[in-house]
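Enquirer: Okay, handing you the structure first.
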Amino acid sequence: LKLSNNLNLFSSDANTIIFNDIKSEIVKSNQFIKVDFNLLINNILKELNKQKIQSLIVEGGRKTLQSFIDNNIWDEARIFTAKKLLNKGLESPIIRGKIKLKEDIGTDKLEIIINK
């Protein structure tokens, strides 16, 4: 809940669900849902099930992504790799599966991996 309200993420162009550990409220097309982050994945999936949502794109940090991977709750991963080497920061999540596609996009590489 530290992001600026002016970001496109919060525009009224699409309904957006924001899971957080502070508040539950609806602001325009944004639905804030308070969940216990200790059981984050289970709580997110329960809330989505209540709303009859069956498809999810996860754009999270290492901890969130690794939680889905470790719990084997994923179908497809899209990994973009740039030539730029980062010397600081967190390592990417570890994911294993069947490579469905490898493609160059500009100077970046896209790899699509599916869960076997």
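The values are calculated or read from the model by the stated rules, or taken from the named source; none is laboratory data. Source: prediction; values computed, not measured. Virtual Cβ from ideal backbone geometry, glycine too; neighbours counted across all protein chains shown. Remember, those area values only see protein heavy atoms, side chains included, never the ligands or the DNA or RNA. Shrake-Rupley method; radii C 1.70, N 1.55, O 1.52, S 1.80 Å.
Enquirer: Would you mind checking the tilt of helix 40-50 against the longest principal axis of the Cα atoms of the chain, expressed as 0 to 90 degrees and rounded to 10?
Expert: 60
Enquirer: Given a cut-off of 31 Å, name the pairs among 28/63; 50/84; 34/116 whose C-alpha atoms lie farther apart than that in the structure shown.
Expert: 50/84; 34/116
Enquirer: Moving on to the next point. Quick one: putting +1 on the C-beta of Lys and Arg, -1 on the C-beta of Asp and Glu, what dipole do you get for the chain around its Cα centre, in Debye to the nearest 20?
Expert: Roughly 180 debye, rounded to the nearest 20.
Enquirer: Can you sort 16, 107 by 1.4 Å-probe accessible area, starting with the largest?
Expert: Sorted by accessible area, descending: 107, 16.
Enquirer: Determine the relative contact order of the chain: mean sequence separation of Cα pairs under 8 Å and six or more apart, normalised by residue count, in whole percent.
Expert: 16
Enquirer: What do you get for GluC sites (Glu not before Pro) in the range 29-116 restricted to DSSP loop and a cutoff of at most 10 other Cβ within 10 Å of the site's Cβ?
Expert: Hits after loop and neighbour filter: 59, 91.
Enquirer: Identify which of 36, 21, 104 has the largest mean-square fluctuation in a Gaussian network model of the chain, with springs joining Cα atoms closer than 10 Å.
Expert: Checking each option, the largest mean-square fluctuation is seen for 104.
Enquirer: Further question on the same structure: How would 22, 69 line up by accessible area, probe 1.4 Å, largest first?
Expert: Solvent-accessible surface, decreasing: 22, 69.
Enquirer: Roughly to the nearest percent, how much of the accessible area of the chain is carbon and sulfur, given a 1.4 Å probe?
Expert: 50
Enquirer: Mind listing which trypsin sites (Lys or Arg not before Pro) in the range 1-38 are in a DSSP loop and have 14 or fewer other Cβ atoms within 10 Å?
Expert: Passing sites in the range 1-38 are 2, 23, 28.
Enquirer: Would you mind getting the Kirkwood hydrodynamic radius of the chain from its Cα pairs, rounded to one decimal in Å?
Expert: 16.5
Enquirer: Just flag the trypsin sites (Lys or Arg not before Pro) in the range 44-108 sitting in loop per DSSP whose Cβ has no more than 15 other Cβ atoms within 10 Å.
Expert: Those satisfying the criteria are 52, 83, 84, 88, 96.
Enquirer: Could you state the accessible area per residue of the range 1-78 in Å², with a 1.4 Å probe and every protein chain left in place?
Expert: Computed with neighbouring chains in place, this is 79 Å² per residue.
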